[in-house]
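The values are calculated or read from the model by the stated rules, or taken from the named source; none is laboratory data. In this text, all values refer to a predicted model and were calculated from it rather than measured experimentally. Every residue, glycine as well, gets a Cβ built from its backbone with ideal geometry; the counts of neighbours run over all protein chains shown.
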Amino acid sequence: MKLSNRTVLITGGTSGIGLGLAEAFLKSKSKVIVCGRNPEKLKVIKEKFPEFTVLPCDIGDASAREKLAADVLRRFPDIDILVNNAGIQRYIDLKKGYSALKAGDDEIAVNFTGLVDMTALFIEHLLQKQAAAIINVSSGLGFMPMPNTPVYSATKAAVHTYSLVLRQQLKGTPVKVIEIVPPMVDTDLNKAGRDANHIKFRGISLAEYIPTVLAGLEKDEDIIFHGDAGTVLTDPRGKSESRLLNPSW
Ligand SMILES: NC(=O)c1ccc[n+]([C@@H]2O[C@H](COP(=O)([O-])OP(=O)(O)OC[C@H]3O[C@@H](n4cnc5c(N)ncnc54)[C@H](OP(=O)(O)O)[C@@H]3O)[C@@H](O)[C@H]2O)c1
């Protein structure tokens, strides 16, 4: 797909992978709208990239995303790409029960319900375009779950499954469905959890990762893996199902 002269909304475009994509679209002369929760981050991004439209929104909140969609569709009728990128990750010890589960943000609401609802809020509009795209960011952990991120891994498996079905339903329409499957990338994702658990390896840099995504988009790949992750992660289900990443964590 072409990255130039598009109008793109990137959820969670204020840091990490979302910001990397926002910068790439801007460089290609596209109009970029980013949303995020943290007003301080939105302010800093607007100062750094005055061309961006920055909008506050908690993607995990139904009325907030409805308001965002209405606002974007009214102000930017040219929008032809939705990037469902916003995501959070938590380490959760399932043995600690309900209080541990509820001790932080709701990963299901942000990572999955938010993505499904955003897609539904934009789909009719995108279907009217000559060419449009929905880009969903899943994770390698959706294919090979990590025990200490149980809900996160499950939401990302859900994003993968949903993207497969969405692509099938949209076959023959102008809307392309792309799934980005990042490996571990050094961003702010679960930074507090990684710091508290003294996890030294933070993954590859954004500078190394973003070109993989851009190359995949330019080559019109349906699912964009990094390196040989595609072969490792897409083993027949029977084999990969019993496989966990870092089972001892
Ligand atoms: N980094 C990795 O190793 C890795 C690996 C696989 C997949 N991914 C996926 O890549 C995507 C981007 O993550 P990242 O690594 O770039 O992390 P990041 O640097 O923490 O960026 C996450 C972005 O999402 C936004 N966000 C989080 N919750 C939100 C909410 N409820 N509503 C609106 N915006 C929200 C954040 O803004 P605020 O701070 O304002 O909330 C931020 O802009 C996520 O879906 C993540 O699951 C990352």
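Among the residues that make up segment 88-99, is at least one of them within 12 Å of the ligand (Cβ to nearest atom) and more than 26 Å from LEU214 (Cα to Cα)? Within segment 88-99 (the criterion being within 12 Å of the ligand (Cβ to nearest atom) and more than 26 Å from LEU214 (Cα to Cα)), the answer is yes, since at least one residue qualifies. Please tell me if LEU73 is part of a helix (DSSP H, G or I), without any contact (Cβ under 8 Å) to a residue 60 or more places away in the chain and over 21 Å from THR212 (Cα atoms). Yes, satisfied.
So for segment 5-19 (the condition being within 15 Å of LEU217 (Cβ to Cβ), in a loop (DSSP other than H, G, I, E, B) and either over 18 Å from the mean Cα position of the chain (by Cα) or of a type in the set (A, V, I, L, M) (or both)), does at least one residue qualify? Looking through segment 5-19, at least one residue is within 15 Å of LEU217 (Cβ to Cβ), in a loop (DSSP other than H, G, I, E, B) and either over 18 Å from the mean Cα position of the chain (by Cα) or of a type in the set (A, V, I, L, M) (or both). Just one of the listed residues (ASP78, ASP105, ASP71) is of a type outside the set (Ser, Thr, Tyr), surrounded by fewer than 18 Cβ atoms within 10 Å (Cβ to Cβ) and farther than 25 Å from PRO174 by Cα, namely ASP105. State yes or no: is ALA133 small (Gly, Ala, Ser) and more than 15 Å from the ligand (Cβ to nearest atom)? Answer is yes for this residue. Cβ contacts < 7 Å: first residue in contact (Cβ under 8 Å) with a residue 12 or more places away in the chain, restricted to segment 83-98; second residue in a loop (DSSP other than H, G, I, E, B) and more than 11 Å from the ligand (Cβ to nearest atom), any location; separation 6+ or different chain. Result? Qualifying pairs under 7 Å: ARG90/GLY104; TYR91/ASN148; TYR91/ASN197.
Exactly one residue among LEU68, LEU73 is more than 8 Å from the ligand (Cβ to nearest atom), among the aliphatic types (A, V, I, L, M) and over 18 Å from the mean Cα position of the chain (by Cα), and that residue is LEU73. Just one of the numbered conditions (1) in contact with a helix residue (DSSP H, G or I) (Cβ under 9 Å, 6 or more places away or on another chain); (2) among the small types (Gly, Ala, Ser); (3) away from the ligand (no atom under 11 Å from the Cβ); (4) within 28 Å of ALA109 (Cβ to Cβ) is not true of ALA207: (4).
The residues in segment 171-199 that are within 14 Å of the ligand (Cβ to nearest atom) and more than 30 Å from GLN130 (Cα to Cα) can be counted, and the count is 14. Look at ILE79 and say whether it is at pLDDT 95 or above, among the β-branched types (Val, Ile, Thr) and within 9 Å of the ligand (Cβ to nearest atom). Taking the combined requirement at face value, the residue does not satisfy it.
For (1) modelled with pLDDT of 95 or more; (2) crowded, with 17+ Cβ neighbours inside 10 Å; (3) not aliphatic (A, V, I, L, M), each residue gets a yes or a no:
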| residue | (1), (2), (3) |
| --- | --- |
| SER153 | yes, yes, yes |
| LYS156 | yes, yes, yes |
| HIS160 | yes, yes, yes |
| LYS171 | yes, no, yes |
| PRO182 | yes, yes, yes |
| ASP188 | yes, no, yes |
| ARG194 | no, yes, yes |
| HIS198 | no, no, yes |
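The condition of being surrounded by 14 or more Cβ atoms within 10 Å (Cβ to Cβ), within 15 Å of GLY13 (Cβ to Cβ) and near the ligand (Cβ under 9 Å from one of its atoms) holds for LEU42. Is there a residue in segment 53-64 that is over 24 Å from VAL159 (Cβ atoms), in contact (Cβ under 8 Å) with a residue 12 or more places away in the chain, more than 8 Å from the ligand (Cβ to nearest atom) and in contact with a helix residue (DSSP H, G or I) (Cβ under 9 Å, 6 or more places away or on another chain)? Yes, there is a match, as at least one residue in segment 53-64 is over 24 Å from VAL159 (Cβ atoms), in contact (Cβ under 8 Å) with a residue 12 or more places away in the chain, more than 8 Å from the ligand (Cβ to nearest atom) and in contact with a helix residue (DSSP H, G or I) (Cβ under 9 Å, 6 or more places away or on another chain).
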